[in-house]
Amino acid sequence: MAYIDGRWVDQARRFEVRDPFDGAVIASVTDSDDAMVDAAIDAAARAFPAWRSRPGPERGALLGQLAVRMLADEPRLAELCTRENGKPIAEAIAEVRYAATFLAWFAGESERIYGETIPSSHPGQRITVVREPVGPCALITPWNFPYAMLTRKLGAALAAGCTVVAKPAAQTPLGALAIAELCHEVGVPPGVVNLVPSADGARTGDRLIGSRQIRKVSFTGSTAVGQLILRSCADDIKRVSLELGGNAPFVVFGDADLDAALRGALVAKFRNSGQTCVAANRFILEAPIAETFTHRLVAAVAALKVGRGSDAGVNLGPVIDDAAVAKLQKLVGDAVQRGAKLLHGAPPDGRSRVVAPIVLAGVTRDMAIWREEIFGPVATLRTASDEADAIAQANDTDAGLVAYFYSRDGARQNRVAELLEAGMVGINEGLVSTAQAPFGGIKHSGQGREGSRHGLDDYTSLKYIAQRF
Ligand code: NAD
């Protein structure tokens, strides 16, 4: 079903959602047609004036209730996430909690949408600046965090006074539908949140972006699609924020605490089977510790258990679909053919979506696996001769989402953090995502920030009022 104007709307055309582990069909979901997308946009536009006029604390109270409802439903939501996304149940539980933190955070922020007054140079004049919601927004989300990628946008949009039409990824619409159900239950007014599942992201995306009533597009997904969206938004000078792909370096310096670096590496690389935008893509090991760290990484990777996400003790679930397996086959095959050395694992054989972790050494900068976002459980290793070499290698990418490094030297920590070209830096930290901090990238990794007080900026416009008195 689609959720439009506070009602569940169905139609004959449907698409199947499959369990990534075995390909079994787990649901058949309404494939929203153009008329439904238009109806959702109209509903969001109609609901906007009343929603923006509601006092911020009232909007926040609803968001707070939504967070509480999400957490109360944790077992069901986590199980649903493991089924449609494949991630281990412990990670699905963590995602539900993480997703709820955005609703709770923005529930608070809705009370703090401050403006300012500015002293004027003219006597008898006052300059006031207020922040206003941009209007109905299109929220387009990926499959790798079906809840969190939606609530990170939804929380900020609703807190700011915007209404939304959300379009989840075709692989994982069930989590988004569950959030729409909860919105309905806690009494989010009709039209404020609309959800249009679709089998064809490009068709529905174009319909949303092409609408004059949609005043902002917030997109999380691949850089290639982000570029298309940015171009499309130019026609109507629409506001657009883009959370795109990464190619994160993970640097281990000679002075690092190797135990901490190893713990961080496992989280940064293998969470969600490497299918996170902040996944460590490229390990850069300073020469003095390169051999020791490599041995320890291979031993730790060998102990990881792969399998069905709902089975006890599984660390890595399947990758999302056959296209993801084919991409890994191509990237790993190409690297091995060009001389990279397999220290652990083997190129996927294409018969299963469960891909055992792979460690590749001797990777060179001309290999696709070094230049492209891997989005799978493959660690690629290179050595660096010194700090300058490590920084040059880390920045040798079009992406700029996050960079990680491990060092115990305080001066180096500050120096290197400043020189890394990324929107986020983890120092002795393999997991940077949190509702309190501004999440986002530079270069080809996007524009705009989600989470933190800055997360409201993308959903508000400044209005300056000059007043004579
Ligand atoms: P994707 O770009 O294929 O799809 C993302 C969404 O866009 C889906 O809902 C899809 O249906 C829709 N879409 C596809 N074509 C479209 C078009 N032409 N117009 C409008 N919408 C369209 O990405 P994906 O495979 O779902 O997700 C993986 C990517 O997302 C990775 O590159 C990952 O790094 C990135 N990602 C980034 C962040 C971040 O915060 N920076 C977070 C999670 C994922």
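Here is how the numbers come out for the structure above:
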quantity: Residue in segment 213-246 that is farthest from the ligand (Cβ to nearest atom), counting only those that are part of a helix (DSSP H, G or I), among the small types (Gly, Ala, Ser) and out of contact with any Leu (no Cβ under 6 Å at 6 or more places or on another chain); calculated: Ala234
quantity: Candidates Pro146, Pro133, Pro142 - the one that is touching a helix residue (DSSP H, G or I) at 6+ places or on another chain (Cβ under 9 Å), touching a residue at least 40 places away in the same chain (Cβ under 8 Å) and more than 16 Å from the ligand (Cβ to nearest atom); calculated: Pro133
quantity: Conditions (1) within 15 Å of the ligand (Cβ to nearest atom); (2) on the phi > 0 side of the Ramachandran plot: number failed by Gly210; calculated: (2)
quantity: Segment 412-454: number of residues that are over 14 Å from the mean Cα position of the chain (by Cα), under 24 Å from Arg97 (Cβ atoms) and surrounded by 21 or more Cβ atoms within 10 Å (Cβ to Cβ); calculated: 2
quantity: Residue, nearest to the ligand (Cβ to nearest atom), within segment 112-130, restricted to residues that are within 23 Å of Arg239 (Cβ to Cβ) and among the aliphatic types (A, V, I, L, M); calculated: Ile113
quantity: Positions within segment 386-404 being assigned to a loop (DSSP other than H, G, I, E, B), of a type outside the set (Val, Ile, Thr) and in contact with an Asp or Glu (Cβ under 9 Å, 6 or more places away or on another chain), in sequence order; calculated: Asp386, Asn395, Ala399, Gly400, Leu401
quantity: Checking Val251 against (1) hydrophobic (A, V, I, L, M, F, W, C); (2) within 14 Å of the ligand (Cβ to nearest atom); (3) not in a loop (DSSP other than H, G, I, E, B), the condition it does not meet; calculated: (2)
quantity: The lone exception for Arg365 - which of (1) modelled with pLDDT of 95 or more; (2) over 18 Å from Lys269 (Cα atoms); (3) touching an Asp or Glu at 6+ places or on another chain (Cβ under 8 Å) it fails; calculated: (1)
quantity: Those helices (runs of 4 or more DSSP H) lying entirely in segment 25-110 with at least 2 residues among the polar types (S, T, N, Q) and modelled with pLDDT of 95 or more; calculated: 74-85
quantity: Residue ID - farthest from Leu208 (Cα to Cα), chosen from residues in segment 1-17 that are assigned to a strand (DSSP E or B) and without any contact (Cβ under 8 Å) to a residue 24 or more places away in the chain; calculated: Glu16
quantity: Residue satisfying all of: in segment 365-396; over 17 Å from His444 (Cβ atoms) and among the polar types (S, T, N, Q); nearest to the ligand (Cβ to nearest atom) among these; calculated: Thr380
quantity: Any hit, segment 175-187, residues being surrounded by 19 or more Cβ atoms within 10 Å (Cβ to Cβ) and within 12 Å of the ligand (Cβ to nearest atom); calculated: yes
quantity: Tabulated pairs, segment 150-163, first in contact (Cβ under 8 Å) with a residue 60 or more places away in the chain, second within 16 Å of the ligand (Cβ to nearest atom) and charged (D, E, K, R), C-beta under 8 angstrom, 6+ apart or interchain; calculated: Arg152/Glu450; Lys153/Glu450; Ala156/Glu450; Ala156/Asp458; Cys162/Lys216
quantity: Pairs, first closer than 23 Å to Leu258 by Cα and of a type in the set (D, E, K, R) in segment 390-411, second more than 16 Å from the ligand (Cβ to nearest atom) and in a loop (DSSP other than H, G, I, E, B), C-beta under 7 Å, six or more apart; calculated: Arg408/Asp255; Arg408/Ala256; Arg408/Asp257; Asp409/Asp255
quantity: Residues satisfying the stated conditions in segment 130-157, i.e. under 16 Å from Ser222 (Cβ atoms) and β-branched (Val, Ile, Thr); calculated: Ile140, Thr141
quantity: Residues of segment 309-352 that turn out to be within 21 Å of the chain's Cα centre (by Cα), part of a loop (DSSP other than H, G, I, E, B) and crowded, with 18+ Cβ neighbours inside 10 Å, as a count; calculated: 6
quantity: Some residue of segment 160-167 being more than 16 Å from the ligand (Cβ to nearest atom) and in contact with a Ser or Thr (Cβ under 7 Å, 6 or more places away or on another chain); calculated: yes
quantity: Selected residue (only one of Ala90, Ala67 is surrounded by 18 or more Cβ atoms within 10 Å (Cβ to Cβ) and without any contact (Cβ under 8 Å) to a residue 60 or more places away in the chain); calculated: Ala67
quantity: Of residues in segment 133-190 being assigned to a loop (DSSP other than H, G, I, E, B), farther than 17 Å from Leu62 by Cβ and of a type in the set (Gly, Ala, Ser), the one farthest from the chain's Cα centre (by Cα); calculated: Gly135
quantity: Index of the failed condition, Arg282 passing every other in (1) within 16 Å of the ligand (Cβ to nearest atom); (2) surrounded by fewer than 23 Cβ atoms within 10 Å (Cβ to Cβ); (3) charged (D, E, K, R); (4) not in a helix (DSSP H, G or I); calculated: (2)
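The values are calculated or read from the model by the stated rules, or taken from the named source; none is laboratory data. Computed from a predicted structure; not experimentally measured. FYI the Cβ positions are ideal-geometry reconstructions off the backbone, even for glycines, and counts take in every protein chain you see.
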